[in-house]
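Have a look at the structure below before the remarks.
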Amino acid sequence: MPQAQIGTSERILEELRSWVEHETPTTDAAAVNGLIGRAEAELRAVGAAIERIPGTDGYGDTLVARTPGEGAPVVVAGHLDTVWDHGTLAGPMPFRIDGAKAHGPGIYDMKAGSFFAFHSVREILRGKVATKRPIVLLLTPDEEVGSPTSRAPIERAAAGARAVLIPEPAGIGGSCVTARKGVGRFVMKVHGVSAHAGGNWQDGRSAVVALARKILEIHALTDLAGGTTTNVAPIWGGTRPNVVPPEAGCEIDCRVTSIPEGERIERIILGMAGEADGIRIEVEGGMNRPPMVETPQIAALHEMARGIAARHGYDLPKQHRGGGSDGNFTAAMGIPTLDGLGCTGAGAHAPFEHILWQDLAPRCATLCELLETID
C-alpha cells in the first residue's frame, strides 16, 4: 500500500519552527486562531473536509478536518495552545538548535506532536494515500486549561471511532502512554470575621487558620500506594499582620487512578463546604478528566505501534503517566486510545523545554502509518 511521504527530520523541523515562532498562549484566542487558520488553509488545499467550531468564553476555535472514507474513523487530536505568554520567544526562550536539541516555547508540549498529526493528514491527502479507515483530525485551543470548550467536539468525534491517537510528548525512554491518572480541580474560599489582632482578637475568626486546617485534611487524602495525590497551590489570605484575616482561599489539584476513587475524593473535598463558628467555606470544582485505564484493546494498539516503530528504527515502550490529556476523555468512553505519540525531549512547561529533533521523522512516520493502517 502506498505510504505518505513524511520527509526528513530537517524538513519537518523547518516547518515546525514556524509553528513554534507563532506564539499561542491559551488566553489569546486571536493568536491561537491565527495558527488554526494556517492549518485550515493547508488542509483545505489538499481536500480535507473542514469544520471550524467557533470558540467561546475567550478561547480560540476548534478545527476538525476529515479525510474521505466510510466506516468508523481513526481520530487524532492535538492542541495548539501553550502555557507560554507572548514575548517568551523574544526573551528567555528563543527558538534555537543546540546540537541534538531544538528549543522553544511549546515545542515539546505539544507543537511537535500536533504538527505530526497535521503533517501526516496533509501528506496522506496530498499523496492520495488510501487509508483503511477515514481519519478525523482535531486541532484544539484550550487543553492546557482543561479543554473546557474542546472536550465536547473531541468526544463527538471519538463516539464510535475505531481508535484515538494522541501525539502528546513522548515520555522517559521515548515511551508512549497507555494509562493516565484522572484529574480534579477545586477552588476553596474561606470567609471569616476581621478584628484587631491586638485589641479584640477574641472577636475575630481567622479565615487563614480555618484554611490551614482544611489544607492539612486535603493533604492527608494522599495515598501514594493507591495512586492518589492531592496538592494545594496557590494559597492566599489576609491583609496585614495586625488584622485577623476575614478572607482566605486556595486551589486544589487531585490525581486518581480510578473513577470510583475520583468520586470519593470529589465528595470529600466538596463536603468541606459549610458554616460553623463564624467561618463559612465555599468549594467549587470537581473531577475534570476521568482516568485513562489501560485495557486489552489499548495494549493491542500499543503492540501494533511498537511493531511499526521498530520498522522505523526505534523502540516504543509504554508508560503510565500521572498527568492528564485529552486521551483521558476518549479512553473513558471505551474507545481504544494510545497517547504520548509525539516527539522525544523534555522540559514541558519549563525554561529548558526542547525536543530531540532528529527523532522527528521516525516518530512522525509511526503516527502516520498508524493512521494509514489501523483496521
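Which is aliphatic (A, V, I, L, M), in contact with a Ser or Thr (Cβ under 7 Å, 6 or more places away or on another chain) and at pLDDT 95 or above, of ILE268, ILE235, ILE218? Even if it seems obvious, please write down each step before you answer.
Numbers: ILE268 fails: in contact with a Ser or Thr (Cβ under 7 Å, 6 or more places away or on another chain); ILE235 fails: in contact with a Ser or Thr (Cβ under 7 Å, 6 or more places away or on another chain).
Only one candidate qualifies: ILE218.
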Look through segment 180-203, keep the residues that are under 25 Å from ALA273 (Cα atoms) and among the polar types (S, T, N, Q), and return whichever of them is surrounded by the fewest Cβ atoms within 10 Å (Cβ to Cβ). GLN202
So the check is Cβ under 9 Å with 6+ separation or different chains; which pairs have a first residue in segment 248-265 that's without any contact (Cβ under 8 Å) to a residue 24 or more places away in the chain and more than 13 Å from GLY324 (Cα to Cα) and a second one that's hydrophobic (A, V, I, L, M, F, W, C) and open to solvent by less than 10 Å² (accessible area, probe 1.4 Å)? ARG264/VAL256
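What are the residues in segment 306-337 that are assigned to a helix (DSSP H, G or I) and surrounded by 21 or more Cβ atoms within 10 Å (Cβ to Cβ), if any? Spell out the reasoning first.
Of segment 306-337, the ones assigned to a helix (DSSP H, G or I) are 306-311, 327-332.
If the condition is that a residue be assigned to a helix (DSSP H, G or I) and surrounded by 21 or more Cβ atoms within 10 Å (Cβ to Cβ), then ALA309, GLY327, ASN328, PHE329, THR330, ALA331 are the ones that fit.
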GLY78: passes all of (1) more than 21 Å from the chain's Cα centre (by Cα); (2) open to solvent by less than 10 Å² (accessible area, probe 1.4 Å) but (1)
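Return yes when ALA225 is touching a residue at least 60 places away in the same chain (Cβ under 8 Å), open to solvent by 50 Å² or more (accessible area, probe 1.4 Å) and farther than 28 Å from ASN33 by Cβ and no when it is not.
So ALA225 fails the test.
Is it the case that PRO68 is surrounded by fewer than 21 Cβ atoms within 10 Å (Cβ to Cβ) and either on the phi > 0 side of the Ramachandran plot or in contact (Cβ under 8 Å) with a residue 12 or more places away in the chain (or both)? Give the steps one after another, and end with the answer.
Numbers: surrounded by fewer than 21 Cβ atoms within 10 Å (Cβ to Cβ): yes; either on the phi > 0 side of the Ramachandran plot or in contact (Cβ under 8 Å) with a residue 12 or more places away in the chain (or both): yes.
When the stated conditions are applied, PRO68 passes them.
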For segment 258-301, which residues satisfy the criterion of being open to solvent by 40 Å² or more (accessible area, probe 1.4 Å) and either in a strand (DSSP E or B) or in contact with a His (Cβ under 8 Å, 6 or more places away or on another chain) (or both)? GLU275, ALA276, ARG280, GLU282, GLU284, GLY285, MET287, ASN288, GLU294
If I filter segment 348-370 for residues that are open to solvent by less than 10 Å² (accessible area, probe 1.4 Å) and of a type in the set (S, T, N, Q), do I get at least one hit? yes
Residue within segment 151-162 that is in contact with a His (Cβ under 8 Å, 6 or more places away or on another chain), at pLDDT 95 or above and either polar (S, T, N, Q) or not in a loop (DSSP other than H, G, I, E, B) (or both) present: no
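Select from segment 25-65 the residues that are basic (Lys, Arg) and in a helix (DSSP H, G or I) and write down the one among them that is surrounded by the fewest Cβ atoms within 10 Å (Cβ to Cβ). Steps first, please.
Kept after step one, since they are basic (Lys, Arg), are these residues of segment 25-65: 38, 44, 52.
From the residues that got through so far, the ones that are in a helix (DSSP H, G or I) too are 38, 44.
Details: ARG38: 15, ARG44: 12.
So the residue we want is ARG44.
The values are calculated or read from the model by the stated rules, or taken from the named source; none is laboratory data. What you see is a predicted model, and the numbers here were worked out from it, not measured in a lab. Don't worry about glycine lacking a Cβ; one is built from the backbone with ideal geometry, like all the others, and counts go over all protein chains shown. Please note that ligands, DNA and RNA were not included when accessible areas were found on the heavy atoms of the full protein model with its side chains. Shrake-Rupley method; radii C 1.70, N 1.55, O 1.52, S 1.80 Å.
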